[in-house]
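Colleague: Structure incoming, see below.
Any read-out appearing in this document is the output of simple, stated calculations on the displayed coordinates, not a laboratory observation. Everything quoted here is computed from the prediction, not taken from an experiment. All Cβ positions, glycine included, derive from the backbone under ideal geometry; neighbour counts span all protein chains shown.
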Amino acid sequence: MSTPRLTELPDIVVRLIEKASGPVVDVGTINAGLNSAIAAHVRTADRSLFVKGLPLDHPRVWTQKREAQISPYVRGIAPELLWHVDEDGWSILGFEYVAGGHADYTPGSTDLPTVMTTMHRLIDVPTPGIELKSMPHRLRTYVDDPADLSWFAGNSLLHTEWNPHNVLMTGSKALFVDWGWASTGAAWIDPALWLLWLIAHGHTPHQAESAAAAHPAWEPAPPAGLNVFARVQDRIWTSIAESGDEWARPMQRAARAWHQHRLPTS
């Protein structure tokens, strides 16, 4: 379920920002994204910030802490976190502001190899020494046989949220944002999740798998595990779409298309 976006910063949030970064001279609301009550481009006298926040009583406020904890591990592939405050009813993150557009996932986009280059860099990030959800745990209610969860186990750091709004294109680089759902699991899971978004943006399942194959973990991925994962994603996105989140309908169709693609032909 998406989180309603505030169109103006509450006074208390402005005060918290100023406490961390100095007097605010301008605020621009950012509409992209689904998970933050606050997302704003904030300018102070000497820097530009991207500020995101949730009330401390929000059920997903834990994602704010997760992003703060993981930030030191993903320097160079994510914008730098400058500060994190939990105070006066709010959890607020202040990042360096990165000028750039969101990734274009349509067929033929020149952004795709650039995104994959940063995904390659993520492979080399050691698993952080912080508490992270595991993919077997996250997917446990969507399998027919609990033994199937073993396909998803692993120690790789995974981003998992491949909405193009979470990928900033700046110059010749791609930076990944919104690490609240970072998890551990098999390394092939990230490209498998990414390809669903490619299908939702016009790729056929075959084209999307071909793009995902540029990831080093794709070739050794177990076909049986991919088949189970495709079925699980079909179930997840159907559940999200049927809960009333209209934005999830294209992802539901993409997951269904990939699941059908992975079904045995005989």
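Colleague: Let a ≥ b ≥ c be the square roots of the eigenvalues of the Cα gyration tensor of the stretch 8-83; is it rounded (a/c under 1.5), or, if not, prolate (a/b larger than b/c) or oblate?
Modeller: Values: a/c = 1.63, a/b = 1.18, b/c = 1.39.
Because a/c hits 1.5 or more and a/b fails to exceed b/c, the stretch 8-83 counts as oblate.
Colleague: I need the GluC sites (Glu not before Pro) found in the stretch 206-266, filtered to DSSP loop residues with at most 13 other beta carbons within 10 Å of theirs. Write down the numbers at each step before the final one.
Modeller: Values: sites: Glu209, Glu242, Glu246; in loops: none.
Of the GluC sites (Glu not before Pro), not one in the loops of the stretch 206-266 has a Cβ with at most 13 other Cβ atoms within 10 Å.
Colleague: Over what distance in Å are the Cα centres of the stretch 44-75 and the stretch 206-266 separated?
Modeller: Using only Cα atoms, the two centres lie 30 Å from each other.
Colleague: Can I ask one more? Taking a ≥ b ≥ c as the square roots of the Cα gyration tensor eigenvalues, with a/c under 1.5 meaning rounded and otherwise prolate when a/b beats b/c, else oblate, which class fits the stretch 40-167?
Modeller: Values: a/c = 1.96, a/b = 1.26, b/c = 1.56.
Oblate.
Colleague: At 222 nm, what value in deg cm²/dmol follows for the chain if DSSP H runs of at least 4 each add -39500 (n - 2.57) and the sum is divided by all its residues, to the nearest 500? Mind showing how you got there, number by number?
Modeller: On the way: 8 runs with 91 residues, N = 266.
That calculation yields -10500 deg cm²/dmol at 222 nm.
Colleague: Here are a few candidate values for mean projected area of the Cα convex hull in nm²: (1) 14.4; (2) 13.2; (3) 20.3. Which one was actually calculated from the structure I just gave you?
Modeller: Looking at mean projected area of the Cα convex hull in nm² for this model, the match is (1).
Colleague: Lys52: which lysines have alpha carbons under 18 Å from its alpha carbon, excluding same-chain residues fewer than 8 sequence positions away?
Modeller: Lys19, Lys65
Colleague: Take each uninterrupted DSSP H stretch in the chain, measure its Cα extent along the helix axis, and return the ones at 27 Å or beyond whose mean Kyte-Doolittle hydropathy is at least -1.0. Numbers along the way, then the final one.
Modeller: Working: long enough: 223-242 (28 Å, 0.10).
Once both thresholds are applied, what remains is 223-242.
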